[in-house]
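Accompanying notes for the structure given below.
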Amino acid sequence: MALKYIDQVDLQGKRVIARFDFNVPLNDSGEITDTTRIDKALPTINYILEHGVKTLVLMSHLGRPKGEPNPKYSLEPVATYLAEKIDQDIVMTESCKDKGIRTLLELPQTKVVLLQNLRFHKEETENNPEFAKALSQYGDIYVNEAFGAAHRKHASTYGINAYFPRAAYGGFLMKSEVESLQKIVDKPRSPFVAIVGGAKVSDKIKIIERLLTNVDSLLIGGAMAYPFLKAKGIEVGTSLCSDEDVKLAKNILAQSSAKKLILPVDHICSKEFGGSPVKVSGANIPEDLMGLDIGEQTLAHFREKLSSAKTVLWNGPMGLFENEDFAKGTFEVAKILAGLKDAFTLVGGGDSVSAVNKSGLASEMSHVSTGGGASLEFIENGSLPGVQALKFGL
């Protein structure tokens, strides 16, 4: 069964309750420092409002307030920013269960309502059916636009679907994410090359094992590479490398599919984290140095493997890209992907998304996922609980 999206339903006169991912970073003054997640939601919000809805109730979480009200995690800054962007008044509730919300929704002047942080209620993360039912009473139609939270079986992303049989839809961002990730999961065009970086093997063990069955080549860079190198008997100096990760890397290297792995053959190192850069021309890292980026020979090898790729997944930076002395590997990978005009290129995962944005090349990628952990889980499992519930109901 195919997912249904909001452009497939008549919204005229309907009450819509929609789950978004407004989990934006705030500074100490409570100001939003990156509005990307809200901006990405605007096409769906504007579409709903332009198609004659009676009311639109917006809901989201922000941060981890641990199931009780905390002013630090109020959605008030989101309400202020959103009201400016859509040029409409937004009524902000004190909680998700205010007794006056249903009355408020009957008032002719009420058009857009933002519920206070869902996670001010412990029932949200517990997927409490009564809480899901209470939320469902604010709408005739449910829209899930929170792909970044669709891997959680929470009341607003999962349980609520039980109260909207044949009336649950995805938004445009959900559509973009699901359709793009399916190009990675369902018969990706070959050659399929994945690039995995970041820190811990233990965090990405499932996705590495899943990818090894599907890819033609798996390029490993960043701190992710050092446990694999050490497991092969190569010296890694003082590089980030736990015993647990080395053990996991040994298990992966023992598999027949390990021949698809491409590891660094040279490095940019330093005596201390973020210190002066030192080029190391071989795979072995001297005992007093730590690896902080991939070297030129490795980049050349990666470039060769990527040159003929038709599908590319990139998750995780190649080094300490926040420091320009160790950013070249990551930004060069972004440039290589930007130049692949006949390939489908998907960037998923927090740090690689941040890196590709910083490189200024995000618009050159086929898709940059907003999902972080959700996009990885989708690739690991072929779907997500929130997507499945939207598709089939509960």
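Between residue 33 and residue 310, what is 0.36 nm times their sequence separation minus the Cα-Cα distance? Round to one decimal in nm.
Taking 0.36 nm per residue and subtracting the Cα distance, the gain is 96.2 nm.
Can you compute the modelled spin-label distance between residue 203 and residue 64, with each label point 7 Å from Cα toward Cβ, in nm?
Spacing of the two 7 Å Cα→Cβ label points: 1.3 nm.
Wrap a convex hull around the Cα atoms of segment 180-380, take a quarter of its surface area, and give that in square nanometres.
Seen from a random direction, the Cα hull of segment 180-380 projects 9.7 nm² on average.
With +1 on each Lys and Arg Cβ and -1 on each Asp and Glu Cβ, and nothing else charged, work out how big the dipole of the chain is about its Cα centre, in Debye to the nearest 20.
For this selection, approximately 1260 debye.
I need the calculated FRET efficiency for the pair residue 162 and residue 296, taking r as the beta carbon distance and R₀ as 56 Å, to the nearest 0.05. Could you put the intermediate results ahead of the total?
Working: r = 56 Å, r/R0 = 1.00.
With a Förster radius of 56 Å, E is 0.50.
Can you find, among 294, 326, 261, the residue farthest towards the positive end of the dipole of segment 180-380? Put +1 on the C-beta of Lys and Arg, -1 on that of Asp and Glu.
261
Given the pairs 111/175; 54/85; 14/66; 111/183, which are separated by over 27 angstrom at their Cα positions?
Those over the limit are 14/66; 111/183.
Considering the convex hull of the alpha carbon atoms of segment 175-234, report its projected area averaged over all viewing directions, in nm², one decimal.
So the mean shadow area of the Cα hull is 4.7 nm².
Could you calculate the contour length gain from residue 122 to residue 276, that is, 0.36 nm times the residue separation minus the distance between their Cα atoms, to one decimal place in nm?
Full-extension gain reported as 50.7 nm.
Nearest 5 is fine: what % of DSSP beta bridges in the chain come out antiparallel, could you say?
20 percent
What is the ratio of the Cα radius of gyration of segment 124-230 to 2.2 N^0.38 Å, where N is its residue count, to two decimals?
For segment 124-230, the normalised Cα radius of gyration comes out at 1.44.
Residue separation times 0.36 nm, minus the C-alpha to C-alpha distance between residue 232 and residue 4: what's the value?
That pair, residue 232 and residue 4, stretches by 77.3 nm at full extension.
Show me the chymotrypsin sites (Phe, Trp or Tyr not before Pro) within segment 232-323 that DSSP assigns to loop and that have at most 13 other Cβ atoms within 10 Å of their Cβ.
The qualifying sites are 273.
With each label point set 7 Å from Cα along the Cα-Cβ vector, what nm distance links residue 46 and residue 133?
Label-label distance for residue 46 and residue 133, simple model: 3.9 nm.
Taking every pair of alpha-carbon atoms in segment 6-173, give the share separated by more than 24 Å as a whole percent.
27 percent
Where does the chain land at 222 nm, in deg cm²/dmol rounded to the nearest 500, when only DSSP H runs of n ≥ 4 count, each adding -39500 (n - 2.57), divided by all residues?
-10000 deg cm²/dmol
None of the figures in this text is laboratory data; all of them are computed from the coordinates on show. Quantities reported herein were computed from a predicted structural model and do not represent experimental measurements. For neighbour counting, all protein chains shown are included, and Cβ atoms are generated from backbone atoms with ideal geometry for every residue, glycine included.
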